[in-house]
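The values are calculated or read from the model by the stated rules, or taken from the named source; none is laboratory data. All values reported here derive from a predicted model rather than from experimental measurement. Please note: Cβ atoms are built from the backbone with ideal geometry, for glycine as well, and neighbour counts cover all protein chains shown. All accessible areas refer to the heavy atoms of the entire protein, side chains included, with ligands and DNA or RNA removed. Shrake-Rupley method; radii C 1.70, N 1.55, O 1.52, S 1.80 Å.
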Amino acid sequence: MIEQIKQLLKEKEYVVIAIDGCAASGKTTLAKKLSNMFNASVIHMDDFFLPLEKRTEERLNTPGGNIDYERFKEEVINNLDNDFTYNAFNCSIMKVDKEVFVKKTNLLIIEGSYSLHPYFGKYYDLSIFLDIDKDEQIDRIRNRDGEKLLKMFIEKWIKYETNYHDYYNIKTTADIYVK
């Protein structure tokens, strides 16, 4: 993976990487490590969770529908050639509450579930999918978020992610698959 990124940076002035995968598989950790290694900017898909006013049953039952993919495309993908700002969704208050500035660097990393959604097209130069053993996933979520949120992940979020991964074959279409 590191060598592939180095090679892309030799070939192109500006490289975009998308890291998708299962909850608690290490997407944010990998993005942080790569950011430190390559002095890259990072955008978190968590900043694009679907706001309450768009959370209809139909939308949530659409594979990948619990992300505000329209806003991500408009605020991020349509601006990749420059420095830009986007509006970040705050899950604790369930609304957008701040602007995030993204400096154009040689490498931009988009990390988080749904970052490889086909709605976006192939905006990235390299795609990575992180998988995880289900028991380890449960342990990581429990340790990270506690029992209350673990229950919500099991009953809701993991099912949404799995539906999205399976429906769009995300695991098999990524350039790099890591388990």
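With 30 Å as the limit on Cα-Cα distance, the pairs of 104/156; 6/103; 6/95; 54/179; 6/156; 10/73 that go past it are 104/156; 6/95; 54/179; 6/156. Around the Cα centre of region 42-179, unit charges on the Cβ atoms of Lys, Arg, Asp and Glu (plus for the first two, minus for the last two) sum to a dipole of about 180 debye.
If you roll a 1.4 Å probe over the heavy atoms of the protein chains, what accessible area per residue do you get for region 77-179, in Å²?
Numbers: 5880 Å² over 103 residues.
Per residue, region 77-179 has an accessible area of 57 Å².
Summing charges over all other residues whose Cβ lies under 12 Å from the Cβ of residue 18, with Lys and Arg as +1 and Asp and Glu as -1, gives -2. Residue ranges 125-137, 17-29, 92-104, 65-77 sort as 17-29, 65-77, 125-137, 92-104 when ordered by packing (mean number of other C-beta atoms within 10 Å per residue, highest first).
Leaving out ligands, DNA and RNA, what percent of the accessible area of region 1-141 is carbon and sulfur, probe 1.4 Å?
Working: 3190 of 6860 Å².
Taking all protein chains in place, region 1-141 shows 47 percent carbon and sulfur surface.
Sort out for me the Cα centre separation of region 125-148 from region 10-38, rounded to whole Å. So the two Cα centres are separated by 16 Å.
Between the labelled values [x] 8, 31, 29, 19, 8, 3, 1, 0; [y] 9, 30, 27, 10, 7, 6, 5, 4, 2, 0; [z] 9, 38, 38, 14, 1, the entry that holds P(r) over Cα pairs in 10 Å bins from 0, in percent as derived from this structure is [z]. Summarising the amide proton neighbourhood of residue 49: residues at separation of 5 or more, or on other chains, whose placed amide H is nearer than 5 Å comprise 68, 89.
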